[in-house]
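**Q** Quick one: this structure, given as structure tokens, is what I'll be asking you about.
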Amino acid sequence: MTYTKYSASGNDFVIFHTFKEEDFSKDAAKLCNRTEGIGADGFVALVPSSEADFKWLFYNSDGSHAAMCGNATRAVAHYAYNNGLASSSMKFLTEAGLIESNVDGDVVETQMTKPIIIKEPFEQDGLTWYLIDTGVPHLVTLVDDLNVYDHDLSAKMRYEHNANVNYAKIEDGQDGKVLKVRTYERGVEGETLACGTGMVACFLRANDLNLVNDKTHVYPKSNEELTISKENGKLYFKGAVKKVFTATI
């Protein structure tokens, strides 16, 4: 089998396409292993679809399923276009719904799924949290210092609320306010360098409070610049991706 590794803002994925849809959870756990496999945060298999250009089967690094991953949509779109599976403007199916992406060189923009507020702001462990589904559930807290990120607290809240955990800080940028984000991800069970749906969740919280504009630059732990925008009620997530290598195993 031939696999391609991609990095999208530091979030890395093993991607391949096949004509047969099956359970790839064991393959995902094996190939995402960073010491004995390729090493990645997620694993994506692209399979045929009668409703879209293709369908994806997405797995976390531990082999568990996930409905959606923002950074992976950008990596997968680039992979699909460069492997002749779709044109530069494409639609593909995820468990969270139909995703639309546009590829322009190494920059990919994805229209995100419609967000759903799960729980209004609440207090826990000295912080104010907000729980929203942006394809997968995310806890968001706005902080003055990203160093308050706490692995043990994040792990506890991840299991209590069955959600990813995000800490976001608003800072001054050249074109207005920007967001800095740190994320603890389910399935990886630790902090990742970037999480697309998490950044979108943080943007929505800050935007609802009128703390950032409808078009805002966001920086995850990898410090790569991404752009999230809201137009006519629709959310768009844009940034560069990198093909790292292709390997035959």
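The values are calculated or read from the model by the stated rules, or taken from the named source; none is laboratory data. Computed from a predicted model, the values in this text were never measured in an experiment. No Cβ is skipped: glycine too gets one built from the backbone with ideal geometry, and neighbour counts run over all protein chains shown.
**Q** Considering every residue within segment 53-75, establish whether at least one is of a type in the set (S, T, Y), out of contact with any helix residue (DSSP H, G or I) (no Cβ under 9 Å at 6 or more places or on another chain) and either within 20 Å of C195 (Cα to Cα) or modelled with pLDDT of 95 or more (or both).
**A** No: segment 53-75 contains no residue that is of a type in the set (S, T, Y), out of contact with any helix residue (DSSP H, G or I) (no Cβ under 9 Å at 6 or more places or on another chain) and either within 20 Å of C195 (Cα to Cα) or modelled with pLDDT of 95 or more (or both).
**Q** Within the set of pairs 6+ apart or on separate chains, which have a first residue in segment 162-182 that is assigned to a loop (DSSP other than H, G, I, E, B), a second that is of a type in the set (D, E, K, R), and C-beta atoms under 8 Å apart?
**A** N162/R186; A163/R186
**Q** Quick check on segment 1-58: of everything there that is polar (S, T, N, Q) and in a loop (DSSP other than H, G, I, E, B), which residue is farthest from the chain's Cα centre (by Cα)?
**A** This residue is S50.
**Q** Another question, if that's okay. From the list L31, L46, L57, exactly one residue is among the hydrophobic types (A, V, I, L, M, F, W, C) and over 20 Å from A77 (Cβ atoms). Which is it?
**A** After applying the criteria, what remains is L31.
**Q** Same structure again: On the basis of being among the charged types (D, E, K, R), outside any loop (DSSP other than H, G, I, E, B) and either modelled with pLDDT under 95 or touching a Phe, Trp or Tyr at 6+ places or on another chain (Cβ under 7 Å) (or both), does K243 make the cut?
**A** yes
**Q** Specify the residue that is nearest to Y236 (Cα to Cα); the eligible residues are those in segment 61-94 that are in contact with a Leu (Cβ under 9 Å, 6 or more places away or on another chain) and surrounded by fewer than 20 Cβ atoms within 10 Å (Cβ to Cβ).
**A** K91
**Q** Looking at G135, is it assigned to a loop (DSSP other than H, G, I, E, B), out of contact with any His (no Cβ under 9 Å at 6 or more places or on another chain), modelled with pLDDT of 95 or more and closer than 19 Å to Y6 by Cβ?
**A** no
**Q** Just checking, does segment 203-210 include any residue being surrounded by 15 or more Cβ atoms within 10 Å (Cβ to Cβ) and touching a helix residue (DSSP H, G or I) at 6+ places or on another chain (Cβ under 6 Å)?
**A** Scanning segment 203-210, I find no residue that is surrounded by 15 or more Cβ atoms within 10 Å (Cβ to Cβ) and touching a helix residue (DSSP H, G or I) at 6+ places or on another chain (Cβ under 6 Å), so the answer is no.
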